[in-house]
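Here the structure comes first, spelled out in structure tokens, and everything after it is commentary.
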Amino acid sequence: ADKNVSLLHATCLNQDRCDAILKMSETRKEKLKRQEDEQYHSVGRFVVQFEHLFFAIKNKMKILCGNYEEVSLLLEPFSVRQTIDVLSNLINYKTKNWEKENNDKILFKKLIKDLNTLNQKRNALIHTTWFIGWQSEETTDISEFDGYKFSSQHNFKTKKLTANEINEMTKLSQDLYNVFFTVWPIDIYSKNNLPEFSKIWSRDENGNWSRT
């Protein structure tokens, strides 16, 4: 079987088509194992990428405050939620004299909103008991897996998740990481000729961030 798979990879010029053919030739056991591996892989990638984002946020806050070592000491014990709250206050302070309709100010508010939403999803992922790979003899697909949390109102709160949904969270974490590792017009060492934040980054209606 491994020899046939290797031969298929060697003769297939289109990787997406090749993957599709491989999936069609999978046994039930191989399919369920692949789906389980994809789910664990997606969780691990997100956890790692989110921590990179968390580091980038604190690093940017240090720059906004003058890049002093004392700032690192103050930021070190902050949780993600506390860090986002302080970042929001810091941005509001540095833009307090800007017009309400200023494009940068609007985009900064969207950034804070996206960070809070992503952190909420992260907390739900980390603090839920997920049943990845659980199956019966009749199971033919586990692309969607269940999660449970204790609730004061019910015995359990149930959730469902897929690897693709987690991968979308990872992509947003990567995009926001890049946002924090660019120069902002409110950086402590910024000069008047720096481009506006909204001239460097854009966010579409679906919440996707990209360089302009």
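Here K157 is the anchor, and the aspartates and glutamates within straight C-alpha reach of less than 12 Å, apart from those fewer than 8 places off in the same chain, are D146. Taking 0.36 nm per residue of separation and subtracting the current Cα-Cα distance, fully stretching the chain between L74 and N59 would add 4.2 nm.
M61 sits among other residues whose Cβ lies under 15 Å from its own Cβ, and their net charge, with Lys and Arg +1 and Asp and Glu -1, is 0.
Given H placed on each backbone N at 1.01 Å, which residues far from D146 in sequence or on other chains put an amide H within less than 5 Å of it? It is F131, by chain and number.
Can you flag which of K149/K171; K110/K160; K33/K60 are past 30 Å Cα-Cα? Over 30 Å Cα-Cα: K33/K60. One Cα centroid belongs to the range 57-129, the other to the range 158-173; the line between them spans 22 Å. Evaluated on the range 17-99, the Kirkwood hydrodynamic radius is 16.4 Å, with distances taken between all distinct Cα atoms.
When the convex hull of its Cα atoms is viewed from all sides, the range 55-205 shows a mean projected area of 12.5 nm².
With a Förster radius of 35 Å applied to the beta-carbon distance between N178 and T129, the computed FRET efficiency rounds to 0.60.
Taking label points 7 Å from Cα along the Cα-to-Cβ direction, D146 and T162 give a separation of 1.9 nm.
Quick note: the coordinates plus some simple rules give every number you see, no bench work behind them. All values derive from a computational prediction rather than experimental measurement. Backbone-built Cβ (ideal geometry, glycine too); neighbour counts: all protein chains shown.
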